[in-house]
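J.: Mind having a look at this structure? Questions to follow.
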Amino acid sequence: MAYGPDFRAYPGAGSAASAAASVDAGLRAYMLHVYNWMASGLLLTGIIAYACNAYLLDFFYPTVMTQFGLRHVPSGLAYISMFAPLVFVMVLSFGVNRLSTTTAQVLFWAFCTAMGASLMNIFLVYTGESIVRVFFITSGTFAAMSLWGYTTRSDLSRMGSFLMMGLIGIVLAGLVNMFIGSSALQFAISMIGVVVFTGLTAYDTQRIKAGYLQSAHAGGLEEAGKRSVYDALSLYLNFINLFMILLQLTGDRRGN
């Protein structure tokens, strides 16, 4: 799939109209490729999370599966699965310019796999019906915000600093709440998180669109292919975080 403009495909290649049409066609193809990467990553994450819950825990820790009262992954495995995704994010973020497209793609799949392992505990804590319900709610919210970010004429770049400050605040507050265990603080973190990640979905969509338009004539297919993986990762993380927050807020816990 071509992401860059191909002026040979349009009559009157030197005209501004044909150039604009070419860039627009390339943008649509590029955004579709980004969403395909993101959707594939989410599918892999879901499969890994379900498989780890159904088979890995059942094989190594059968007592976890005998009663709903034991709902937590053993600490060692939990910490490994929690921090492994962070390693992949750092590698992709700081090494994207030096990585080949194939390496970036492999790391993306590895990241989605690690994220799936880190999410296996949700099947022990929440009912399957509520997980499916929250997934569709998240999908609808994400689609609406991403569409708005793609089509709006408003400049969302001004939101970027505010949203990043909110994200940092959520992380710091979450770390503090690990020690104090305040339910009120956790609720506030979740509510702010919904605002932050819905906003980031629109912001990142517009940023991806603007980034393509600014580099439509440079970089070639290799650079576009690699950039699409990193852009898909940004949207993927927004979706996962929004899903987890909504699940904490509205999910039905087992045994309740």
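J.: Check Tyr126: other-chain or 5+ apart residues with amide H under 5 Å from its amide H, H built from backbone geometry?
T.: Result for Tyr126 returns Arg254.
J.: To continue, here is another question. When Tyr35, Tyr203 are ordered from fewest to most other Cβ atoms inside 10 Å of their Cβ, what list results?
T.: Fewest to most other Cβ atoms nearby, the residues stand as Tyr35, Tyr203.
J.: Taking other Cβ within 10 Å of each residue's Cβ, how do Cys112, Cys52 sort, fewest first?
T.: Result, fewest neighbours first: Cys52, Cys112.
J.: Among Phe243, Phe123, Phe136, which comes first, then next, by fewest other beta-carbon atoms within 10 Å?
T.: Placing the least packed residue first, the sequence is Phe136, Phe123, Phe243.
J.: How big is the charge dipole of segment 104-222 about its Cα centre, in debye rounded to the nearest 20, if each Lys and Arg gets +1 on its Cβ and each Asp and Glu gets -1 on its Cβ?
T.: Computed about the Cα centre, the dipole is about 200 debye.
J.: Go through segment 33-50 residue by residue and turn each phi into a ³J(HN,Hα) via Karplus (6.51, -1.76, 1.60, θ = phi - 60°); whole Hz please, and just put x for glycine and proline.
T.: Whole-Hz 3J(HN,Hα) from phi for segment 33-50: 5, 4, 5, 5, 4, 4, 4, 5, x, 5, 4, 4, 4, x, 5, 5, 4, 5.
J.: Still on this structure, I have one more. Taking amide H atoms as placed 1.01 Å from N in the peptide plane, list the residues 5 or more away in sequence, or in a different chain, whose amide H sits under 5 Å from that of Gly251.
T.: none
The numbers here are math on the coordinates, done by the rules we state, and not lab data. Note that this is a predicted model, so its numbers are computed, not measured. Positions of Cβ are generated from backbone atoms using ideal geometry, with glycine treated the same way; all protein chains shown enter the neighbour counts.
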